[in-house]
Amino acid sequence: MTMTIDELRAIPLLALLDDRTLADTARRMHRSSFRPGQQILQEGEQPPGLFFVQRGRVRLSCMAADGREQVLAMVGPGEHFNAVPLFDGNPNPSSARAMSPVICLLLPREDLIALIRQHPDFALAALNAMAGQLRELVTLVEDLAFRSVRARMARQLLAEAGSGAAELTHQELAERAGTVREIAGRALRRLAEEGMVRLERGRVIVLDPEGLARVIEE
């Protein structure tokens, strides 16, 4: 099924492109669906193209030689992933897994390059989006290098709890904070004892966002 211009305009990276560019882009897109837990991309393999999430959540992560996993980002509706290897020609730097029922749009690499050559505004939009993702990775590196597990957990909770609840298990929080489940559990229980969060099955309710913000700067 061919995508519509309105569907593509809902994607921030494409929102400011003119109708002609969007129509050209829509003809080149492919839609795919994935089950919860299904692998979308494998680290080290050749990239098929640029993915845009229409529905659901996708976890991006990389794996160490000893089997430890570091979560790099959680990607939701309107966001995209796996742009870097499409430009440098190298394999996927991370894996992508569906964390819920997911619908993605795929723009194959050859079509992405053709669009960039034909529509300079597309290139500027892609560069702007990649710059934003690079800043997020710099923040992640700073957190892992300079902040405590407690502070990293507080940042993840604030980032997830836009509606007041972070729909994450202890294991998922541990992976995103670069630690193990037992340490993450202790940090969460301490935050709960201090009245900043309430722990429920499969999620964490943020009670004191200002307190968590102070924890980040400890």
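Over the stretch 1-105, Cα pairs under 8 Å with separation of 6+ residues give a relative contact order of 36 percent.
The mean sequence separation of alpha-carbon pairs under 8 Å and at least six residues apart, normalised by the residue count of the chain, gives a relative contact order of 19 percent.
At a probe radius of 1.4 angstrom, the accessible area of the chain per residue rounds to 53 square angstrom. Residues HIS30, HIS80, ordered by accessible area of protein heavy atoms at a 1.4 angstrom probe radius and largest first, appear as HIS30, HIS80. Label-to-label distance, ARG198 versus PHE87, with points set 7 angstrom from Cα along the beta-carbon direction: 4.5 nm.
How much length, in nm to one decimal, is gained on full extension between PHE146 and ALA15, taken as 0.36 nm per residue of separation minus their Cα-Cα distance? Display every interim value, and only then the final one.
Working: separation 131, 0.36 × 131 = 47.16 nm, distance 3.61 nm.
Between PHE146 and ALA15, full extension yields an extra 43.5 nm.
With the Cα gyration tensor of the chain in hand, convert its eigenvalues to equivalent ellipsoid semi-axes via √(5λ) and list them largest first in whole Å.
Details: eigenvalues 234, 64, 53 Å².
Semi-axes from the Cα gyration tensor: 34, 18, 16 Å.
Taking all protein chains as present, what is the carbon and sulfur share of the accessible area of the chain, in % to the nearest whole number, probe 1.4 Å? Percent of accessible area from carbon and sulfur atoms in the chain: 53. Pairs of alpha carbons in the stretch 1-93 separated by more than 14 Å make up 71% of all such pairs.
The values are calculated or read from the model by the stated rules, or taken from the named source; none is laboratory data. Because the structure is a prediction, the values reported are computed rather than measured. Neighbour counts are summed over all protein chains in view; Cβ atoms, including those assigned to glycine, are modelled from backbone coordinates with ideal geometry. Note: accessible area is taken over every heavy atom of the protein model, side chains too, but ligands, DNA and RNA are not part of it. Shrake-Rupley method; radii C 1.70, N 1.55, O 1.52, S 1.80 Å.
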